[in-house]
1. Counting other beta carbons within 10 Å of each Cβ, put Lys278, Lys66 in order, fewest first.
2. Checking the table Lys66/Lys247; Lys66/Lys130; Lys66/Lys278; Lys15/Lys247; Lys142/Lys247 against a 18 Å threshold on Cα-Cα, which pairs fail?
3. Round to a whole angstrom and tell me the spacing of the C-alpha centers of the stretch 183-205 and the stretch 50-104.
4. Counting Lys +1, Arg +1, Asp -1, Glu -1, what net charge surrounds Ala53 among other residues with beta carbon under 10 Å of its beta carbon?
5. Measure out, as a whole number of angstrom, how far apart the alpha-carbon centroids of the stretch 273-302 and the stretch 12-46 sit.
6. Can you give me the relative contact order of the chain as a percent, contacts being Cα pairs under 8 Å and 6 or more apart?
7. In square nanometres and to one decimal, what's the mean projected area of the convex hull around the Cα atoms of the chain?
8. Hey, fewest Cβ within 10 Å first, where do Arg58, Arg281, Arg78 land in order?
Amino acid sequence: MPALGLGTWLADPGKVHQAARHALEAGYLHIDCAAIYGNEEEVGQGIAEAIEAGDITRDELFVTSKLWNDSHKPEHVRPAIEKTLDDLGLEQLDLYLIHWPIAFRHGVEFPQSREDYLTLEEAPLEETWKAMMELKEAGLTKHIGVSNMGPERLQALAEVGEMPAVVQVECHPHLQQRELLDFCNEHDILLTAYSPLGSPGRQHKAGDEPPLLDHPTITSIADELDATSAQVLIAWAMARDTVVIPKSTNPGRIEENFGALDVELTDEHMAEIAKLDKGYRYLDGEFFADEKSPYEASKIWV
Ligand code: NDP
Ligand code: 1BO
């Protein structure tokens, strides 16, 4: 799995097509998608054009997508990947992930009331996982994995079949995920780091940590290496042997982020950044765990 991929969440319609196209032209070999991002058709156009232009072949490209929370019931899993494949214009994914350990009624994008949710008793993740294994057997995806889950859930899924090949979680210097990374290394699971720049483009809530890109430790390492803060954060993720998927639709920043492949951090830099860990989530999942939800925020990532 290529260590650096292009994220596509909140990549605006009208922009993401060119972003995917530009990234593949610039050398990216990996794109991270999801049905709920609502832009897989456009990403697919960018991929098709890049292949047509000879910038990349399908075999060189690694495409990830994710099963949305309204399709956890086993009978909804295959239609969901078929829709994603159709939108992306592909015959097979490289990786398909269960997006969140949370279930909604079929057809619900974002819940408006308690009735829009299913509990994990009503839609057990183990049953969804068995349906994911069937997708792999049917050749619709080469690999399967999960997102927003911790060691306990990974272990429970392994007990009904195979261990997820990948776990995709929020990961950056303020949330270093050491326990999960140790578990992944022990079990031969790849960890993909999402929101590696601290997701600066989103509206953050009051009391959020200041932007990671402006953190003095990061900016001073960037100055020393004649790199940018974004490149330091991306290089840090790769130096830990995690996969990293920064999102950008800006051509200059897409290239800048790719340049992180040439940035080498020293042991001293790694030790400085290690001190920034504070278990802090920019994406705290509260939108799935408010007063109308049967889920508790603190239990989402276990
Ligand atoms: P990132 O940490 O990747 O930050 C993206 C933001 O940073 C955008 O606003 C982008 O703006 C800006 N940006 C990108 N490059 C630079 C740069 N070099 N300098 C300054 N600003 C920059 O956040 P995301 O939350 O988007 O996470 C990345 C990807 O991870 C997502 O797009 C998605 O694919 C995945 N993800 C998965 C989740 C899951 O539940 N599995 C949850 C969250 C994310 P611009 O586009 O204008 O450059
Ligand atoms: C709402 C989905 C979070 C980004 O993957």
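Derivation of every value follows stated rules applied to the coordinates shown; laboratory data play no part. Quick caveat, the model's predicted, so the values are computed rather than measured. Backbone-built Cβ (ideal geometry, glycine too); neighbour counts: all protein chains shown.
1. The most exposed by this proxy come first: Lys278, Lys66.
2. Values: Lys66/Lys247 16 Å; Lys66/Lys130 15 Å; Lys66/Lys278 28 Å; Lys15/Lys247 12 Å; Lys142/Lys247 24 Å.
Pairs exceeding 18 Å: Lys66/Lys278; Lys142/Lys247.
3. A separation of 19 Å, based on Cα centres.
4. Working: positive: Arg21; negative: Glu25, Glu49, Glu52, Asp55.
Its environment carries a net charge of -3.
5. Rounded to whole Å, the Cα centres lie 27 Å apart.
6. Numbers: 527 pairs, mean separation 59.7, N = 302.
Worked out over the chain, it gives 20 percent.
7. 15.0 nm²
8. Ordered by Cβ neighbours within 10 Å, fewest first: Arg58, Arg78, Arg281.
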